[in-house]
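Right, one structure below, let's go through it.
Values in this text are rule-based calculations from the coordinates and carry no lab data. Since the structure is predicted, the reported quantities are computational estimates derived from the model, not experimental observations. Cβ placement follows ideal geometry from the backbone for every residue including glycine, while neighbour counts extend to all protein chains displayed.
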Amino acid sequence: MSIRILSAETAAKIAAGEVIIRPASAVKELIENSLDAGAKKIEVYLKEGGKRLVKVVDDGEGIPSDEVELTIKRFATSKLASAGDLVRISSYGFRGEALASMAEVSELTVETQQEGTQSGIILRVKAGKVIEKKETVRSRGTTVSVSNLFFNLPARRSFLRGESYERRMILAVVRNYALLHPEIRFEVRTPKRKVAEYTSCRDWLERIKSVYPKLKSAELIPLNQKHRLLSIEGYIIRPDQSLEIKKLQRIFFNNRPVIYRAIYRAVIEGFGPQPDNVVPFFILKLNSPADMLDSNIHPAKTEVRYRDERFLFDFVSQAVRQAVHKEAVSNLTYTQLPSYTHLRPYPKSLTHPTQPRDDSAQLNMHGNRQSSPPTDPAIVSGSYKYTEDTGGETADTPLYHASFWQLQETYILAQVSSGLIIVDQHAAHERILFEEMLTRLWKTPRQRLLFPLIVELNPEEYAIFEEITDYLPELGLEAKPFGPDQIMIETLPADAKMGPAELSALFTDFVESSEVKLGNREKMAAFIACHGAIKAGQRLSQQEMESLINRLFRCETPYFCPHGRPTVIKFTMSDLDKRFGRF
Ligand code: ADP
Ligand code: MG
């Protein structure tokens, strides 16, 4: 077949297809034009999910009468004068092809009038040809109607889906711009009813909540970080709550809704490991100087690229990590909770019988060497304040004064400001040990064993030991060869609960995990944490539970154990109210 140059008409139709894919793309382009024109109120009318009609009415600055016809010419734009302007573009439009594209594949009407003029213009176009142009009088603003999209491209038209699907896509578009512009009023109507309404709001959070009524501010973790080359602002939802509101992830970059994998990955990274079914919710606005961002890599501008992606990644993940950490500390520390300050020391006589632990010379949760549980809870709990007044309580005071409750020797239940948390004691301790090993290089707090432990290793395990022996001390585990196939453990990470059985299992793990690269501190620390953490089935005292929880929430990533399993599940009061039908 010989090569032919496409007719101008065909080429225009093909090009139109890149920008306008479905009614929702028309709505996106029209809303962006209205925003660029400084509209304060934008109304969208739909017929048959936009397939019959999409009409956007704004109160923006309008188009000069003598320029209306230009708007439907390809590359006609009032927003960009030269290619140099591309790097400092701040308007939504600049390619000047949206109206031209729509004009090509639909019946388009533009009706507009500028402020202070006697009259405006109505321009009717069909398949790119002007069929009518006349004067009109209306209030300031512009109305663009796109009827029978793709009427002249039957193949395209047949790709459109059902009315409700197309309408849903349009609503998603409107929602995005509503989230970006709280001060602007948006409305979507069909001939039958008003399908969405976002009244003008003072602040962003208010708009977010009107767009997602399910969100309550209490559940949102604010995030705010500024740098000369990049700033980020937004909200994240705690991973233990995000299951309800799946797929709520919005990224806006320089005021555009965008899809940006690197940012998504940075957020996930900032949260720390996620169990695979937990998808964090977030809504983030990033801003950078215009010349740091290329917005012109996709015809519909849904993808953008930041100039320094490494910096972008680190900046975002760091911001998320800090926000999550800060929230964990402020929301869950016990000093904040009024109910706790009323606690009385629980009766000593009741604490000791619940301590079946012999582990002579073991450390308590604080890493202090204690041969038996301390007699005064206040000494152990440090920051924790018990009231002075014991109110003449006797040893019979029931345990319901206790602040922590251990369920089946596996889970710890505790009240927090917003409800109830359930902590997996093993996973929580694992996380604590893991972070203590990793955050303090070479200074991992350790316990020197009074009686060193002798561990028997099989030849493979012994070989591994020889290979990693240099790396173990920095994780708090000092060991020496001790005769053939035996090693002597002299120190353990502080607070790790390990006997010969656990240590031997640890080396078995090292061998079996082909992933353990020599000196991969994180992996080794995760294994040690796993074997050294208290197990399910171990009874804990009040002090131990309290200490465990306090230390957990001092961790950088308190919500997950090193393997990504959750450490904490939370029930807010409103979760409970819902379950009990109080609403
Ligand atoms: P772009 O937005 O890339 O400039 P468009 O094809 O979307 O290209 O629009 C072409 C031009 O028409 C715009 O540059 C603007 O001058 C004008 N225009 C379009 N819609 C409106 C509107 N709602 N209000 C005012 N001017 C508009
Ligand atoms: Mg435009």
Query - Cross-link partners of LYS214 among lysines (Cα-Cα below 24 Å; sequence separation of 8 or more within a chain) - result: LYS194, LYS246, LYS247, LYS285, LYS326, LYS570, LYS578
Report summary line: Of the candidates SER119, PRO154, SER164, the farthest towards the positive dipole end of the range 118-166 (Lys/Arg Cβ +1, Asp/Glu Cβ -1, centred on the Cα centre) is SER119
Report task. Order the peptides 55-64, 427-436 from the highest to the lowest mean number of other Cβ atoms within 10 Å of their residues. Result -> 427-436, 55-64
Report summary line: Footprinting proxy, GLU303, GLU512, GLU97: sorted fewest to most Cβ within 10 Å, the residues are GLU512, GLU303, GLU97
Query raised in the report: Taking the highest mean first, how do the peptides 106-112, 496-502, 572-578 order by number of other beta carbon atoms within 10 angstrom per residue?
Result: 106-112, 496-502, 572-578
**Report entry** For the range 435-583, size of Cβ-based charge dipole, Lys and Arg +1, Asp and Glu -1, in debye
**Finding:** 980
Query raised in the report: Among LEU413, LEU153, what is the fewest-to-most ranking by other Cβ atoms within 10 Å?
Result: LEU413, LEU153
Query raised in the report: Among all lysine pairs in the range 442-561 that are eight or more places apart or on different chains, how many have alpha carbons less than 21 angstrom apart?
Result: 8
Requested in this report: Just name one of ASN33, THR77, PRO23: the one whose Cα is farthest towards the positive end of the charge dipole of the range 8-198 (beta-carbon charges, Lys/Arg +1, Asp/Glu -1).
Outcome: PRO23
Query - Peptide ranges 280-293, 224-237 listed from the most packed, as the mean C-beta count within 10 angstrom indicates - result: 280-293, 224-237
**Report entry** Added length on full extension, which subtracts the Cα-Cα distance from 0.36 nm per residue, MET573 to LYS523
**Finding:** 14.2 nm
